[in-house]
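The values are calculated or read from the model by the stated rules, or taken from the named source; none is laboratory data. Since we're looking at a predicted model, the values are computed, not measured. Glycine gets a Cβ as well: all are built from the backbone with ideal geometry, and neighbour counts include every protein chain shown. The area values use the complete protein model at the heavy-atom level, side chains included, leaving out ligands, DNA and RNA. Shrake-Rupley method; radii C 1.70, N 1.55, O 1.52, S 1.80 Å.
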Amino acid sequence: MLTRRIIPCLDVRDGKVVKGVRFRDHVVIGEILDLALRYRDQGADELVFYDISASPQGRPADAQWVERVARQIDIPFCVAGGIRSVADARRILFAGADKISINTPAISNPQLINDLAEAFGVQCVVVGIDSQRVAGSWQVHQFTGDPDRCHSVPLSTLDWVQEVVQRGAGEIVLNCMSFDGVRNGYDIEQLRAVRALCPVPLIASGGAGTVQHFLDVFTQADVDGALAASVFHQGSIPIAELKVFLQQHGVPIRP
Amino acid sequence: MNARRSPLDVVLIDGGGSNIASVQAAFARRGVNAELSRDHERIGRASHVVLPGVGAAAPAMQRLRALGLDRLIPTLTQPLLGVCLGMQLLFTSSEESNTACLGLIPGRVQRLLEADCGRVPHIGWNQLQALTDAPLLAGLEAAAYAYFVHSYVAPVGPATVATCDYGGAFSAVVSWRNFHGVQFHPERSAAVGARILANFLELA
């Protein structure tokens, strides 16, 4: 049976892993490769590396560390940050990433999704969506890596999900912004709404604080994977214990 | 062809797939230097040949044809391992853009249907069900987990040695004469993948 995925997310800035709360106040928490190997050893099903300085600085993620990770890591990983062309994506994929994830550039240039799917196949193309409620409806946000430029765009999250899938997104990571970093649980309501109209794998992001939150998001929002950062970085939820808990509660999980 | 083979000499066919570096790294982690080549003579004298592949069937076959590799590969007699799309290319044809493939294993690769599976692509860790005691599966636990990322599948047939279930059974591991293939990514399947690559290198 296909298992649900536990996905630590590593925010990368200037070659180090950092963590902020609600995208702000980042502190360095370790070296990319050290953390990647640690999570692999703990049983992570996949890793996401998000180069948070790439997009605001107008450059793609650095292929050099991607290559280092690809040489050492034997589980899949996805790279996000500043990928705005087929050429950018090719550099990251050929450096060894299994998937690339685009967010702001997909909003500015939706055709990029089609072009990437055409060039590499939909299974390589992840679209990240930063979303939160604005005046009663879920709205897509842009430039979320940079607090000074972050703003909502006139785009309903539910419409955008359908559009990106139609254009060739093979997977969606929905980051529920107002839930991110505060550890009160995933945004079940929003994830359920997106799940209902999303035919490709959906990854929940933002809000994990306890093992129960993971169980809730799998059983109530039927997501394919759950992404989290701080609970793993700070060791408050060891991945191995999380997986045992989920398995005991009937969620299909790779031991 | 294949006149002189050194004891272990792995060549990755350079057909342009984007997972080549990762497959190469997986061999490097085993201390095996797998050379990338599109040279017929070089490929011919390798002890083991790997056909990686990520992307779409039609452009992948076009590249192989442009390099004459579509004619070379069927003549190879050493163990060959197709990975992901590389495995699908071993079959007769693919529904993906109605592509004629290498024709080494009978069968037509088909698209996964949302109606059967719920969600396509099939992405994640899923279980292998061994059908036989194939050497490629030696030492694996029952229902071992491997990492899959794909939208097309090869049907179960006489070459199938392990299946995977996603809205129905499909070929997860195939062996047909010296031609082998895995639909999942051994280079990204942790200990299970490492074991399968080690088993492949044991094949003679």
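The table that follows gives values for the structure above.
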read-out	value
Residue B:124 vs. criteria within 12 Å of another protein chain (Cβ to nearest Cβ), open to solvent by less than 10 Å² (accessible area, probe 1.4 Å) and either among the small types (Gly, Ala, Ser) or not in a strand (DSSP E or B) (or both)	yes
Conditions (1) surrounded by 22 or more Cβ atoms within 10 Å (Cβ to Cβ); (2) over 23 Å from residue A:44 (Cβ atoms); (3) away from chain B (no Cβ under 13 Å): number failed by residue A:175	(2)
Residue list for region B:78-121, restricted to those being aliphatic (A, V, I, L, M), farther than 30 Å from residue B:9 by Cα and within 9 Å of chain A (Cβ to nearest Cβ)	B:120
Neighbours by Cβ (under 9 Å, 6+ apart or cross-chain): first from region A:232-255, of a type in the set (Phe, Trp, Tyr); second part of a loop (DSSP other than H, G, I, E, B)	A:232/A:44; A:232/A:208; A:232/A:238; A:245/A:251
Filter result for the condition that a residue is touching a Gly at 6+ places or on another chain (Cβ under 8 Å) and either open to solvent by 20 Å² or more (accessible area, probe 1.4 Å) or part of a loop (DSSP other than H, G, I, E, B) (or both), over B:82, B:107, B:86	B:107
Selection from region B:7-49 of residues that are free of Cβ contacts under 8 Å to residues at least 12 places away in the same chain and within 12 Å of chain A (Cβ to nearest Cβ)	B:21, B:28
Residue in region B:54-62 that is of a type in the set (S, T, N, Q), within 13 Å of another protein chain (Cβ to nearest Cβ), surrounded by fewer than 21 Cβ atoms within 10 Å (Cβ to Cβ) and assigned to a helix (DSSP H, G or I) present	no
Test: residue in region A:125-141 that is on the phi < 0 side of the Ramachandran plot, within 11 Å of another protein chain (Cβ to nearest Cβ) and open to solvent by less than 50 Å² (accessible area, probe 1.4 Å)	yes
Subset of region A:237-255 (residues that are open to solvent by 20 Å² or more (accessible area, probe 1.4 Å) and modelled with pLDDT of 95 or more)	A:238, A:240, A:241, A:244, A:245, A:247, A:248, A:249, A:250, A:252, A:254
Enumerated helices (runs of 4 or more DSSP H) restricted to region A:1-116, each holding at least 2 residues that are of a type in the set (Val, Ile, Thr) and crowded, with 21+ Cβ neighbours inside 10 Å	A:63-72
Given (1) under 22 Å from residue A:229 (Cβ atoms); (2) free of Cβ contacts under 8 Å to residues at least 40 places away in the same chain, index of the condition residue A:109 fails	(1)
Of all residues in region A:178-196 being of a type in the set (D, E, K, R), open to solvent by less than 50 Å² (accessible area, probe 1.4 Å) and in contact with a helix residue (DSSP H, G or I) (Cβ under 7 Å, 6 or more places away or on another chain), the one that is nearest to residue A:111 (Cα to Cα)	A:195
Residue B:184 being within 12 Å of chain A (Cβ to nearest Cβ), closer than 23 Å to residue B:24 by Cβ and in a loop (DSSP other than H, G, I, E, B)	yes
Region A:1-15 residues that are within 30 Å of residue B:129 (Cα to Cα), paired with ones that are open to solvent by 30 Å² or more (accessible area, probe 1.4 Å) and part of a strand (DSSP E or B) (beta carbon under 9 Å, 6 or more apart)	A:1/B:127; A:1/B:165; A:2/B:127; A:2/B:165; A:3/B:127; A:3/B:145
Residue selected from region B:144-174 under the condition open to solvent by 30 Å² or more (accessible area, probe 1.4 Å) and within 12 Å of another protein chain (Cβ to nearest Cβ), by the criterion farthest from residue A:226 (Cα to Cα)	B:152
